[in-house]
Amino acid sequence: MAQTTVAALQIGSLPSGKAATLDLILSYEASIIESGATLVVLPEAVLGGYPKGEIFGTRLGYRLPEGRDAFAAYFANAIDVPGPETEALAELSERTGATLVVGVIERDGSSLYCSALFFDPGQGLIGKHRKLMPTGTERLIWAQGDGSTLTTVSTQAGTAGAAICWENHMPLLRTAMYAKGVEIWCAPTVDERDVWQASMRHIAHEGRCFVVSACQIQPSPAELGIEVPDWDSNRPLIRGGSLIVGPLGDVLAGPMREQSGLLTAKVDTAQLVQARYDFDVVGHYSRPDVFELTVDERPKQGVRFIKGDNGP
């Protein structure tokens, strides 16, 4: 694989909703083309929104009517997959020549999923990954994904896969994705903390892969004209922190803080063989005689209809 450019597009969901946010994403077309990026990762839930601080009217043992109203509004701002938003993103991928990995809130029936969608310049929407374990009170609004969307895709930069936000802290998920041959680890997130930078460097060093983490940015409550309990009204809700890391844990670009923009770095997957010379986490360093991981990739549906043969 020849040396290529990869990128994290650090932006935030706009308060006016998904249409405006989609327009914001599309406005970076010229920047993506100019950068020469073959792979661009966007933040978690950027299309659909991450309502930081919202409690959706829930208390232990009961839920308030205004919380149901808040969820209905959030549901309306989510996207269908496929749908008009995915068509627009596929066209953006085609025009820029870059594979896009986009964090979205996906509607399915009456449930929502925090997902990462993969768009190929020639094939459009080619896959998705649904977050396996929403964190904390995210579980109020997002359903859990299953093993059927542990997706990897072939890109010009290398084999790419995604883990969303704190999924990246799940050792067995990481092991499964390493075993799928991930070379470019995509990490859409809203985690702005310094410890996130340490996690991204650890994953790159552990998996001997390139890591591209794209984090949202969100203004302060004061700028947004809202109140968020127990949060400094003048502090940004999400400060960003997107970064790109090499396979020995070296930071190639970033972290980018408190600004929007395209963060880029050169990568070459030929370096991965050299990096794995002394540590191949699912190869010569795995000790399969001691440890074994079983991954169930079957789709899990709550209702299955099994039709019988009624004969002639």
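The values are calculated or read from the model by the stated rules, or taken from the named source; none is laboratory data. None of the values given here were measured: they were computed from a predicted structure. Heads up, the Cβs are rebuilt from the backbone with ideal geometry, glycines too, and the neighbour counts pull from every protein chain shown. Just so you know, the surface numbers come from the protein's heavy atoms only, side chains and all, with ligands and any DNA or RNA stripped out. Shrake-Rupley method; radii C 1.70, N 1.55, O 1.52, S 1.80 Å.
Hey, can you tell me all the residues within the stretch 110-134 that are polar (S, T, N, Q) and either open to solvent by 40 Å² or more (accessible area, probe 1.4 Å) or over 17 Å from E167 (Cα atoms) (or both)?
Selection gives S110, S111, Q123.
For Q216, all conditions in the list (1) under 17 Å from G158 (Cβ atoms); (2) buried (at least 19 other Cβ atoms within 10 Å of the Cβ); (3) touching a strand residue (DSSP E or B) at 6+ places or on another chain (Cβ under 7 Å) hold save one; what is the number of the exception?
(1)
Quick one: in the stretch 219-249, which of the residues that are in a loop (DSSP other than H, G, I, E, B) and under 17 Å from G158 (Cβ atoms) is most open to solvent (accessible area, probe 1.4 Å)?
L248
D268 fails exactly one of the following numbered conditions: (1) more than 21 Å from the chain's Cα centre (by Cα); (2) buried (at least 16 other Cβ atoms within 10 Å of the Cβ); (3) within 26 Å of G36 (Cα to Cα). What is the number of that condition?
Unmet for D268, out of (1) more than 21 Å from the chain's Cα centre (by Cα); (2) buried (at least 16 other Cβ atoms within 10 Å of the Cβ); (3) within 26 Å of G36 (Cα to Cα): (2).
Can you confirm whether L92 is aliphatic (A, V, I, L, M) and under 15 Å from the mean Cα position of the chain (by Cα)?
Against the criterion (aliphatic (A, V, I, L, M) and under 15 Å from the mean Cα position of the chain (by Cα)), L92 does not qualify.
Does T38 count as in contact with a Gly (Cβ under 6 Å, 6 or more places away or on another chain) and either under 27 Å from G302 (Cα atoms) or not small (G, A, S) (or both)?
no
I'd like to know if the stretch 67-88 contains one or more residues that are in contact with a strand residue (DSSP E or B) (Cβ under 9 Å, 6 or more places away or on another chain) and basic (K, R).
So far as the stretch 67-88 goes, no, none of its residues is in contact with a strand residue (DSSP E or B) (Cβ under 9 Å, 6 or more places away or on another chain) and basic (K, R).
Does T58 meet the test of being within 24 Å of D191 (Cβ to Cβ), surrounded by 15 or more Cβ atoms within 10 Å (Cβ to Cβ), among the polar types (S, T, N, Q) and modelled with pLDDT under 95?
Yes; evaluated as a whole, the condition is true for this residue.
I'm checking my understanding of the structure. Among residues of the stretch 135-159 that are without any contact (Cβ under 8 Å) to a residue 60 or more places away in the chain, in contact with a Ser or Thr (Cβ under 9 Å, 6 or more places away or on another chain) and closer than 26 Å to G302 by Cα, which one is most open to solvent (accessible area, probe 1.4 Å)?
Top of the filtered list is T152.
In the stretch 31-50, is there at least one residue being part of a helix (DSSP H, G or I), open to solvent by 40 Å² or more (accessible area, probe 1.4 Å) and not polar (S, T, N, Q)?
Within the stretch 31-50 (the criterion being part of a helix (DSSP H, G or I), open to solvent by 40 Å² or more (accessible area, probe 1.4 Å) and not polar (S, T, N, Q)), the answer is yes, since at least one residue qualifies.
Taking into account only those residues within the stretch 1-30 that are among the small types (G, A, S) and either in contact with a Pro (Cβ under 8 Å, 6 or more places away or on another chain) or within 23 Å of G246 (Cα to Cα) (or both), which is surrounded by the most Cβ atoms within 10 Å (Cβ to Cβ)?
Looking at residues that are among the small types (G, A, S) and either in contact with a Pro (Cβ under 8 Å, 6 or more places away or on another chain) or within 23 Å of G246 (Cα to Cα) (or both), I get A8.
Quick one: in the stretch 1-26, which of the residues that are among the hydroxyl-bearing types (S, T, Y) and under 20 Å from the mean Cα position of the chain (by Cα) is nearest to V190 (Cα to Cα)?
That would be S13.
Within the stretch 160-192, track down each residue that is free of Cβ contacts under 8 Å to residues at least 40 places away in the same chain and open to solvent by 40 Å² or more (accessible area, probe 1.4 Å).
Scanning the stretch 160-192 gives W166, H169, M170, P171, K180.
If I ask for residues that are within 20 Å of the chain's Cα centre (by Cα), crowded, with 17+ Cβ neighbours inside 10 Å and hydrophobic (A, V, I, L, M, F, W, C), which ones from the stretch 61-80 would you list?
Correct list: A78, I79.
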